[in-house]
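> The structure's right below; bear with me while I get my questions together.
The values are calculated or read from the model by the stated rules, or taken from the named source; none is laboratory data. All values reported here derive from a predicted model rather than from experimental measurement. All Cβ positions, glycine included, derive from the backbone under ideal geometry; neighbour counts span all protein chains shown.
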Amino acid sequence: CCVDGLARARGRAGRGRSAAKPSGDRAARVWETQAWSHKAAGRESRGSGGGGRSRAARRSAVYDALREYDSRWQSLLLSEWRSEQDLLREQLREWPERRLEREGWLLKDLEVMRLPDCFGEPVLKCSLRASRGGGGGGSLSPIRAALPFHRFATGDVVTLCSGSTPRLPAWLEDRAPASQAAEGAIEGVVSQRTATALHIVVRQLP
């Protein structure tokens, strides 16, 4: 299958498979706090002799640090993320395609190939269409051209769009219809970047 546009939803994904979408902010990827927020406080698990700490106490100290990080920084990170999405929305609506391409926020006319899944989630390889080049012995072998200038890097959240016009994913639209996500754009995370391709992990296939 092919896609004709790739527009970046600027922002960083969460760490690996711990990324999640919190209720009320389904687009934001944050720490999966449910995995550790119920853990007992470290003070309750520390050993009492010799000033040493057991394995359980050290593990509990990690959870304490995560709780402290969450309470101090999570609201600021979400605020930064929302500001980035507001800027992205304005760029995709107001900037012409040529400017998006020139600034490195848009790649067009990409060919997509399915790769083996990553922990059960589909992986897509996006590259320019192969051209035929001369090979040894008179045979022709496909040659992949290098991608043009772009700003996509490992960990970036991107949007895959079908058609020739960049689209916002449904969660960035102010009043998107229920079918917008299925027929317009899907979200993915760049897992690998090479000179000729981007590998993108998605939650659903386009």
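> Run down G51, G47 and say which single residue is modelled with pLDDT under 90 and out of contact with any Lys or Arg (no Cβ under 7 Å at 6 or more places or on another chain).
Within the list G51, G47, the selection yields G51.
> Could we say that R102 is at pLDDT 90 or above, among the charged types (D, E, K, R) and more than 20 Å from the chain's Cα centre (by Cα) here?
It is true that R102 is at pLDDT 90 or above, among the charged types (D, E, K, R) and more than 20 Å from the chain's Cα centre (by Cα).
> With the structure loaded, tell me whether R89 is among the basic types (K, R), under 25 Å from Q204 (Cα atoms) and assigned by TED's automatic domain parsing to the domain that holds L147 or whether it fails that test.
no
Each row is one residue, and each column tells you yes or no for (1) more than 11 Å from the chain's Cα centre (by Cα); (2) modelled with pLDDT under 85; (3) more than 19 Å from R129 (Cβ to Cβ); (4) not β-branched (V, I, T).
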position	(1), (2), (3), (4)
S162	yes, yes, no, yes
R167	yes, yes, yes, yes
E173	yes, yes, yes, yes
S179	yes, yes, yes, yes
G184	yes, yes, yes, yes
A195	yes, no, no, yes
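> While we're on this one: Just to be sure I understand, how many residues within region 134-149 are in a loop (DSSP other than H, G, I, E, B), surrounded by fewer than 17 Cβ atoms within 10 Å (Cβ to Cβ) and at pLDDT 75 or above?
Qualifying residue count for the region: 5.
> Another question about this same structure. If you check S83, S127, S75, S79, which single one turns out to be hydroxyl-bearing (S, T, Y), outside any helix (DSSP H, G or I), at pLDDT 80 or above and within 27 Å of V157 (Cβ to Cβ)?
S127
> Within region 192-202, restricting attention to residues that are within 19 Å of A146 (Cβ to Cβ) and in contact with a strand residue (DSSP E or B) (Cβ under 8 Å, 6 or more places away or on another chain), which residue is surrounded by the most Cβ atoms within 10 Å (Cβ to Cβ)?
Among those that are within 19 Å of A146 (Cβ to Cβ) and in contact with a strand residue (DSSP E or B) (Cβ under 8 Å, 6 or more places away or on another chain), it is I200.
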